[in-house]
1. Starting at the first residue of the range 394-408, write each ³J(HN,Hα) from the Karplus equation 6.51 cos²θ - 1.76 cosθ + 1.60 with θ = phi - 60°, in whole Hz, x for Gly and Pro.
2. Quick one: Karplus J couplings for the range 282-295, per residue in order, coefficients 6.51, -1.76, 1.60, θ = phi - 60°, nearest Hz, x for Gly and Pro?
3. Among the trypsin sites (Lys or Arg not before Pro) within the range 387-452, which fall in a DSSP loop and have no more than 10 other Cβ atoms within 10 Å of their own Cβ?
4. In whole Å, what is the distance between the alpha-carbon centres of the range 209-288 and the range 28-53?
5. Rank Ser6, Ser262, Ser398 by accessible area, highest first, at a 1.4 Å probe radius?
6. If you plug each phi of the range 323-336 into the Karplus form 6.51 cos²θ - 1.76 cosθ + 1.60 with θ = phi - 60°, what whole-Hz ³J(HN,Hα) values come out, in order, with x for Gly and Pro?
7. Would you calculate a helix-derived [θ] at 222 nm for the chain, using -39,500 (n - 2.57) for each DSSP H run of n ≥ 4 and dividing by the full residue count, to the nearest 500?
8. Go through Glu131, Glu392 and list them by solvent-accessible area, largest first, probe radius 1.4 Å.
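The values are calculated or read from the model by the stated rules, or taken from the named source; none is laboratory data. Just so we're clear, the structure is a prediction, and the values are computed from it rather than from any experiment. FYI the Cβ positions are ideal-geometry reconstructions off the backbone, even for glycines, and counts take in every protein chain you see. Heads up: the accessible areas ignore ligands, DNA and RNA and are worked out on the full protein's heavy atoms, side chains in. Shrake-Rupley method; radii C 1.70, N 1.55, O 1.52, S 1.80 Å.
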Amino acid sequence: MHQVDSMSPQERRASVSLALVFAFRMLGLFMVLPVLATWGQQLQGATPFLIGMAIGAYGLTQAFLQIPFGMLSDRIGRKPVIVFGLLLFAAGGLVAADADSIGQVIAGRVLQGAGAIAAAVMALVADSTREQHRTKAMAMIGMSIGVAFAVAMVAGPVVARMAGLGGVFLSTSALALLGIVLVLLTVPTPRHTQPHRDAGIVRGALWPALTNGQLLRLNYGIACLHAILMATFLAIPLALQQQAGLAKEDHWWVYLAALLLSFFGMVPFIIYAERQRQMKRVMLGAVAVLTLVQPLFWLSQHSLPWLVAAIILFFVGFNLLEATLPSLLSKIAPAGGKGTAMGVYSTSQFAGAALGGMFGGWLFAHFGLGGVFVGCALLALSWLVIGGTMREPPYVTSYRLALSPACLDDAALATRLQAVAGVTEVVIVAEEAAAYLKVDAKILDREALNRVAAPV
């Protein structure tokens, strides 16, 4: 009987542990999001612009250090970079927890953002798993991000209610330290560390990633999405408290209800997008929701039921885009360039978060809550226009094929791989003894592919 090859205990432990590390870090970053606009007003020197800067400040250092830290992990190892990044994150939380001024909170958030470990974690996942299980391990990371965001939106107001804003930041430091324990005690140290073009950043693939028009449209989109998120969550907590009359201690139930309902609202669209190959249509529909919900925020801010309904719609659009944009990137990125494209994409995301916080703070200071909502609507509209010029993506996935020395000596290997049904692109990397492919999984002839790549 044929036995399905499953993850080894070592691979499973590494994958689960690293997914938890990623979740703890994202939880720490986003716990502050639903509470800083309301609880931060008590800080010395607080202004709308500075509160907005504090909300998005982590994105500044994340954007600058994401790619360098990933490359550094290729040189000195994954674990040292990850542990150092988590220590920076914990230190930033302690600085912010002890703050009595908004300036000190901003400094703490900037220090938190300096713990830019995403690329190093992804590379360690690749080092710790075999080819056939890597997609499953990466999916665990993706799921951990979504769950962490949802938990953070609910946990932030709950922790703030019990321990104040300082308690929220102390919690983020505790999560970072717990992540360090997991990395050191439960994640096996891989025998070999090498660049993985589908998980890590490769210097030679940077320029193609930066000049690909389709990828640039996605990078603009993710920057807009997180700019809108930061600006909106400068305004939403204030609208709930000051306009709809809901005490800041009770905001948690709004976010819990909105996230649960939005999850069920977005799932059918994700299934439709993948099965019917309508990714572009679904993406543009979600952007349209983000555009239209902003005026709804403005019109409904004095009515708690209508404001909650608008928040649910916002999260339907936001969560749908968070799920579909990485899938689009995976389809569009050239063979052997997915990891680098993802690094540029993440840098764009964090840059958008930093600018969005400042953008929202400036709009609120000059035009009030309505100005924030109008500004976010215009930003989403610009994305809708630019996104509309995208081509329908090819419905392909990335595939890495290990090659034997005999295969590497075959000068015609790339041509023969390209001729296999379902293979659309081939890049052979001799130093990794691997071929990176883009394949259409629906028509891929796996037996033929294995025959071509079999040792002679």
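1. Using θ = phi - 60°, the values come out as x, 8, 10, 10, 7, 8, 10, 10, 5, 10, 7, x, 5, 5, 5 Hz.
2. Running phi through 6.51 cos²θ - 1.76 cosθ + 1.60 with θ = phi - 60° gives 5, 4, 5, x, 5, 5, 4, 4, 4, 5, 6, 6, 5, x Hz.
3. Details: sites: Arg391, Arg400, Arg416, Lys438, Lys442, Arg446, Arg451; in loops: Arg391, Lys442.
Listed in order of number, the matching sites are Arg391, Lys442.
4. Computed from Cα coordinates, the inter-centre distance equals 21 Å.
5. Details: Ser6 65, Ser262 0, Ser398 30 Å².
The ordering from most to least exposed comes out as Ser6, Ser398, Ser262.
6. Each residue of the range 323-336 in turn: 7, 8, 4, x, 5, 4, 4, 4, 6, 8, 4, x, 4, x Hz.
7. Working: 17 runs with 328 residues, N = 456.
Dividing the helical sum by the residues of the chain leaves -24500 deg cm²/dmol.
8. Values: Glu131 60, Glu392 85 Å².
From most accessible down to least: Glu392, Glu131.
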